[in-house]
Amino acid sequence: MQSTLVDTGAAGIHPRTTLYVGGLEDNVTEAILRAAFIPFGELKDVTVPLDHATGKHRGFGFVQFEEREDAEDAIDNMNNAELYGRVLKVNFAQPTRIKGGDKGWASQPVWADTDDWYEKQLAAEQLEAIDEELRKKEEKAMLAAQQPDAMQQLEAALE
């Protein structure tokens with residue numbers, strides 16, 4: 001089965017408690033889906049994304065539980081179960097993916113790691129400044145070691 005990428009709106013997807021429910025029959029609504037999954041535990045949210053072109057749902061939905069254990073129980077009992085004559089595919093939902101990252105998709109927007117990048121750049125610049133300062137101190141010390149001090153110059157002049 002091919003996975004479909006969906007924007008679930010402000011609710012977001014919490015992989016530990018959100019289930020993907022595929023294979024929904026056309027007449028299944030959010031209320032019906034809620035009624036089918038409420039026996040397994042307290043529900044936070046039920047979403048059945050609509051196809052904007054047709055106004056009908058796209059054959060799948062998301063059910064978010066309060067507790068992970070309840071979600072696991074729902075998977076154990078509802079995966080390959082029948083609802084309105086259709087066999088359901090129930091598993092943990094994958095995070096919404098967006099274009100970017102390796103293999104063309106990422107779980108975060110491209111700007112999500114800018115703070116981390118900026119901190120790394122700052123740290124690198126600070127390290128370079130420290131290295132430059134140490135290098136200058138070493139050069140100064142080498143020059144001082146090469147030049148005789150005043151006492152050595154006096155002794156050399158007396159000889």
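The values are calculated or read from the model by the stated rules, or taken from the named source; none is laboratory data. Model, not experiment: these values are computed from the prediction. As a convention, Cβ positions derive from the backbone with ideal geometry for all residues, glycine included, and neighbour counts pool all protein chains shown.
I'd like the residue in the range 139-159 that is exposed (fewer than 10 other Cβ atoms within 10 Å of the Cβ) and among the polar types (S, T, N, Q) and, out of all such residues, is modelled with the highest pLDDT.
The qualifying residue modelled with the highest pLDDT is 146.
Being at pLDDT 75 or above and β-branched (Val, Ile, Thr) is the filter here, so list the residues in the range 97-138 that pass it. Reasoning before the result, please.
Taking the range 97-138 as the starting set, the residues that turn out to be at pLDDT 75 or above are 116-138.
Passing the criteria: only 130.
Is there any pair linking a residue in the range 45-56 that is free of Cβ contacts under 8 Å to residues at least 24 places away in the same chain to one that is acidic (Asp, Glu) and surrounded by fewer than 17 Cβ atoms within 10 Å (Cβ to Cβ), with Cβ under 6 Å and at least six apart or on different chains, and which?
From the range 45-56, the pairs are 46/30.
For residues that are part of a helix (DSSP H, G or I) and in contact with a helix residue (DSSP H, G or I) (Cβ under 8 Å, 6 or more places away or on another chain), scanning just the range 12-69, find the one that is farthest from residue 80 (Cα to Cα). Write out each step before concluding.
First pass over the range 12-69, keeping only residues part of a helix (DSSP H, G or I): 30-40, 68-69.
Filter once more, so that each one left must be in contact with a helix residue (DSSP H, G or I) (Cβ under 8 Å, 6 or more places away or on another chain): 36-37, 40.
Working: 36: 14, 37: 14, 40: 16 Å.
It comes out as 40.
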